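The values are calculated or read from the model by the stated rules, or taken from the named source; none is laboratory data. Small disclaimer: the values here were computed from a predicted structure and weren't measured. No Cβ is skipped: glycine too gets one built from the backbone with ideal geometry, and neighbour counts run over all protein chains shown. Quick note on the areas: whole protein, heavy atoms, side chains included, nothing else; ligands and nucleic acids left out. Shrake-Rupley method; radii C 1.70, N 1.55, O 1.52, S 1.80 Å.
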Amino acid sequence: MKYIKKKLTIENVKVDYIAKKYGTPAYCYSYSKLKRNIVNFKNNFRSFSPLICFAVKSNTNVNLIREIKKLGLGADVVSMGELMVAVKAGINPKKIVFSGVGKTAEEINYAINKKIFLINAESESEINQIEKIAKLKRKKIKVGIRLNPNTDAKTLNQISTGKKENKFGINSKTFVKLVNKYKKSKNIELKCLSVHIGSQILDHKPYEKMLKSILKILKKVEYKFEFIDLGGGMGISYNDRQKKLDYGKYHLAIKKFLSNYKSKIIFEPGRSIIGNTGTLVSKIIYIKKSGKKKFIILDAAMNDLMRPALYGAIHNIIPSIKKAKISKQNHEFVGPICESTDSFLTLKKFQELRENELIVICDVGAYGTSLGSNYNLRPKPIELLINGSKVKIIKKRQKHKDFI
Ligand code: LLP
């Protein structure tokens, strides 16, 4: 995004034009950013050519996933719905991994029928269930076991998954037991050790610790895994002051790991692929003055973008047209939903704003639409993919009649 003659543009398209033609609120994705993110991700880990499975939960738009597929990625899914969307987008089932703590028998059956690459089991009961289903089908199923490495990802508590108090994965003691139980199984092919310690990780040190824990446990089991699935979690900068994940150091730590344990690596990145590609264009409905504060009431709300309400996450807000005049007052950007948490951001100063003007909420590509809902019976926004001067509708604006 950049300002050309004071007008904000996404690739070569003016935000004003988008709003006029397609209405607001509108989710807009930049294709060139998406492509750049994927190329960079591959380059960062080129030395060991990992299998990169896009975490579909971060964005479930089938047209976006189709582009991601064309750029060479597989998929990491956590439900039957996500598996369906990945298949519909044309992702080769041999590049699909299925994670999640509570896969039902129906979901396991479906995954087996689709011949996906790997099911990552997260409990003893689940791996027993997979074996039972595989036996009935007279098949040998490729399974990964998700280890809980008891590593603090040093991220928001709500999106931390690798500590022993989190519900995810299997502790080291049970892990060893399960490897011994299943290493010679007729219906389970133990293919992979998997981990995922959390999301929005900006420090490489938790990853180093995680790799050390994995190595420690691998030394305890007499079994050779072909694959190690390191999950996703790579963070992005939501503002200029935020530090950046040092991919060089993470890469180095993995190289060190691989020199001790020769294997193939899988990644499941979501946010780092799609996060900074998305913006939410929204119109100011009203401006309400209240004492020393201004409420900027937008036509986008927490149902369109949950992250601020859910985690106190900060997404920058910028105007669609730059003006010189600054108003030094608290500006609270809020949505129209009947909840006090329906508030995106408060800024101490902002340029003079008027009703009907447009603003843009930044970096909403990951966990934006996918966490969206119809709360207050609000229709979901239109989604657009912008490539150079071309704008393509990749999801129509929902109509009230779609859900009433
Ligand atoms: N693999 C597994 C097993 C996961 O649970 C997740 C995310 C990922 C991969 C992808 O992680 P990423 O690369 O996107 O960090 N709704 C929260 C994020 C929840 C992440 C859940 N798991 C947010 O908006 O920040």
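Quick check on the range 264-404: take the gyration tensor over C-alpha atoms, sort the square-rooted eigenvalues as a ≥ b ≥ c, and tell me if it's rounded (a/c under 1.5), prolate or oblate. Intermediate results must be reported in sequence, preceding the final value.
Numbers: a/c = 1.60, a/b = 1.42, b/c = 1.12.
Here the range 264-404 falls in the prolate category.
What is the percent carbon and sulfur in the accessible area of the chain, measuring with a 1.4 Å probe over the protein chains and ignoring ligands? Walk me through the numbers on the way to the answer.
On the way: 9750 of 18980 Å².
Carbon with sulfur: 51 percent of the solvent-accessible area.
Of the listed pairs K70/K173; K88/K249; K14/K399; K164/K256, which have alpha-carbon separations greater than 29 Å here? Provide the component values of the computation, followed by the final result.
Details: K70/K173 41 Å; K88/K249 36 Å; K14/K399 25 Å; K164/K256 25 Å.
Result: K70/K173; K88/K249 exceed 29 Å.
Once you have the Kirkwood Rh of the range 98-171 from its Cα pairs, apply Stokes-Einstein at 37 °C and 0.692 mPa s and quote D in µm²/s. Before the final figure, lay out each step's value.
Numbers: Rh = 13.1 Å.
Answer from the Stokes-Einstein relation: 250 µm²/s.
Report, to one decimal in Å, the Kirkwood hydrodynamic radius for the range 160-234 based on all distinct Cα pairs. Please report the intermediate quantities before stating the final value.
On the way: mean 1/r = 0.0750 Å⁻¹.
When all Cα pairs of the range 160-234 are included, the Kirkwood radius is 13.3 Å.
When the C-alpha atoms of the range 40-150 are aligned to their principal axes, what extent does each axis show, in angstrom, from largest down?
Principal-axis extents of the Cα atoms in the range 40-150, largest first: 41, 33, 23 Å.
Going by amide H atoms built from the backbone, whose H comes under 5 Å of the H on K264, apart from near neighbours?
When sequence neighbours closer than 5 places are left aside, the close amide H contacts are F227, I228.
From the mean inverse distance of alpha carbon pairs (Kirkwood) and the Cα radius of gyration, derive Rg over Rh for the chain. Let's see the in-between values first.
Working: Rg = 22.6 Å, Rh = 22.5 Å.
When Rh is taken as the Kirkwood radius, the ratio is 1.01.
Among the aspartates and glutamates, select those whose C-alpha is under 12 Å from the C-alpha of K328, and discard any that sit fewer than 8 residues away in the same chain.
Output for K328: E352.
On a 18 Å Cα-Cα criterion, which of the cross-link pairs K103/K184; K132/K186; K140/K184; K7/K293; K42/K395 come out too long? Walk me through the numbers on the way to the answer.
Values: K103/K184 23 Å; K132/K186 11 Å; K140/K184 11 Å; K7/K293 27 Å; K42/K395 28 Å.
Where the Cα-Cα span goes over 18 Å, the pairs concerned are K103/K184; K7/K293; K42/K395.
Given a 10 angstrom Cα cut-off, can you work out which residue in K154, K294, K209 is the most mobile in a GNM of the chain?
K294
Where does the chain land at 222 nm, in deg cm²/dmol rounded to the nearest 500, when only DSSP H runs of n ≥ 4 count, each adding -39500 (n - 2.57), divided by all residues? The partial results should precede the final answer.
Working: 11 runs with 113 residues, N = 404.
When only DSSP H runs of four or more count, the value is -8500 deg cm²/dmol.
What net charge do the residues around I285 carry, taking every other residue with its C-beta under 11 Å from that of I285, with Lys and Arg at +1 and Asp and Glu at -1?
-1
Could you size up the charge dipole of the range 1-155 around its Cα centre, putting +1 on the beta carbon of Lys and Arg and -1 on that of Asp and Glu, and report it in debye to the nearest 20? Don't jump to the answer; show the numbers that get you there.
Values: 31 positive and 12 negative charges, 182 e Å.
About 880 debye.
Once Rh is set to the Kirkwood radius over Cα pairs, what Stokes-Einstein translational diffusion coefficient, in µm²/s, holds for the range 328-374 at a temperature of 4 °C and a viscosity of 1.567 mPa s?
Numbers: Rh = 12.7 Å.
D = 102 µm²/s.
How much of the DSSP bridge set in the chain is antiparallel, in percent, rounded to the nearest 5? Don't skip to the answer; put the middle values down first.
Values: 35 of 72 bridges.
Taking every DSSP beta bridge with both residues in the chain, the antiparallel ones total about 50 percent.
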